[in-house]
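Structure record follows, encoded as structure tokens.
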Amino acid sequence: MYNNERVRIDIRKYSLDEMVYRYSQNKILFCNHRYGWTKGNPKEKLKETVKALARGIPFPSVYASELQTGELLILDKSEKFRILLEQLNYENLDRDIMDRYMLKDVLYSQIIIYVIDYMNPKYMHMEVGEFIEEWQPSQEQSVRNILYKEDKMEILAEFVKQIKNTRTSELLLQYYFIYFIMAAFIKSRGLHIYENIDKYQLLEKVIKQFHYLTTVEWNNLYNEFEDAYRLMHQKFVKGYRYKMHSTETRMKILCFLYLCNGFRQQVEDYGDESIFQIKIKKVLESCDMSYESIMKTADILERGRF
């Protein structure tokens, strides 16, 4: 279906001064950055960057997703670029770091932006971002919330707020829920025509259906999700096992608890046993969440052949 499509990327060059101005005008966007993706002291990171730019060392190339409204959504896991623009914004300028002699040289530095054209299907923006940045689930969901803002993504946020007594962030709960909805669509609607597409393409098809879901359908999906989430949390996220399974693996556990009655029964019967969990982890880590991979994994888990 999408095999012959190629992502369209425009290479643009800006002075850092121009990027600072665009940022001050809210034309440069960053996904939610309050979840600990940046390690270390931001001021120390800024000092390192400023010194490098002042000596003529080029800033690393930046990838951005162009929104239809013209803003650039920066796909930068390190947050080095965000910290730089924040601190160089004239209202926030830290004089302990930027003296007036260095400022001119730094602001004339050239920034190369690889801009993913907004005309590309949105799933391509997600694929490029993941390939370049290898982001964590919380960042993936944060970017998705912005790219698909007009597709009722806020409904996810409203529903997951209902889950009580959990340390999981709302972004991760949204991440879990949207993949769970994809699994529910596969189970109830088949989606066989999408058997040759990957997870981001499949998710995009599911998101497009949000506009047609009734309140009753949303409530039913959430109730099923909460039920699976409670079981997953009870059996897989306790004590020493908490760190055994990655966020991505837990997401897959949720999906297959819904897709496979046989797997759900095994989890209820043996889910606390470490050997069982190690076997499950091995099976799920090989699943890339494309339609074909989901169906193969579901067959393995349903039959207990692992």
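Laboratory data are not the source of any read-out in this text; all were calculated from the coordinates shown. Note that the structure is predicted; figures quoted are calculated from it, not measured. Note that we place each Cβ from the backbone using ideal geometry, even for glycine, and neighbour counts take in every protein chain shown.
Observations on the model:
- Listed residue (ILE186, MET251, ILE275) projecting farthest to the positive dipole end of the range 148-303, Cβ model: ILE275
- Listing LEU88, LEU29, LEU73 from fewest to most neighbouring C-beta atoms within 10 Å gives LEU29, LEU73, LEU88.
- As a proxy for reagent exposure, TYR23, TYR175 were ordered by neighbouring Cβ count within 10 angstrom, fewest first; the result is TYR23, TYR175.
- Put simply, the amide H of ILE111, placed in the peptide plane, has neighbours under 5 Å in TYR14, SER15, LEU16, leaving out anything fewer than 5 places away on its chain.
- The lysines within cross-link reach of LYS279, meaning a Cα-to-Cα straight distance under 28 Å and a gap of 8 or more places when in the same chain, are LYS187, LYS199, LYS235, LYS238, LYS243, LYS252, LYS296.
- The HN-Hα couplings worked out from phi for the range 78-86 by the Karplus form 6.51 cos²θ - 1.76 cosθ + 1.60 (θ = phi - 60°) are 6, 6, 4, 5, 4, 4, 4, 5, 4 Hz, whole numbers, x standing for Gly and Pro.
- Whether the range 148-303 is rounded, prolate or oblate, judged on the alpha carbon gyration tensor where a/c under 1.5 counts as rounded: oblate
- Residues with amide H under 5 Å from that of CYS287, placed H, sequence gap 5 or more: none
- Cα gyration tensor category, rounded, prolate or oblate, for the chain with a/c compared to 1.5: prolate
- For the range 196-208, Karplus couplings with θ = phi - 60° (6.51, -1.76, 1.60), whole Hz, Gly/Pro x: 9, 10, 8, 5, 6, 5, 5, 4, 4, 4, 5, 4, 5
- Using the Karplus relation 6.51 cos²θ - 1.76 cosθ + 1.60 with θ = phi - 60°, the per-residue 3J(HN,Hα) values for the range 45-58 come to 5, 5, 4, 4, 5, 4, 4, 5, 5, 5, 8, x, 6, x Hz, with x marking Gly and Pro.
- Label-point separation, ILE11 to GLU154 (7 Å along Cα→Cβ), nm: 4.0 nm
- Dipole magnitude of the range 148-303 about its Cα centre (Cβ charges: Lys, Arg +1; Asp, Glu -1), debye to nearest 20: 440 debye
- Taking 18 Å as the straight-line reach from the Cα of LYS47, the lysines in range (excluding those fewer than 8 positions away in the same chain) are LYS39, LYS80, LYS104.
- Magnitude of the charge dipole for the chain, about its Cα centre and with charges confined to Cβ atoms of Lys, Arg (+1) and Asp, Glu (-1), is about 620 debye.
- DSSP-defined beta bridges in the chain - what % are antiparallel, rounded to 5: 60 percent
- Dividing the summed helix terms, -39500 (n - 2.57) for each DSSP H run of n ≥ 4, by the number of residues in the chain produces a 222 nm estimate of -17000 deg cm²/dmol to the nearest 500.
- Between the C-alpha center of the range 110-176 and that of the range 215-280 there is a gap of 22 Å.
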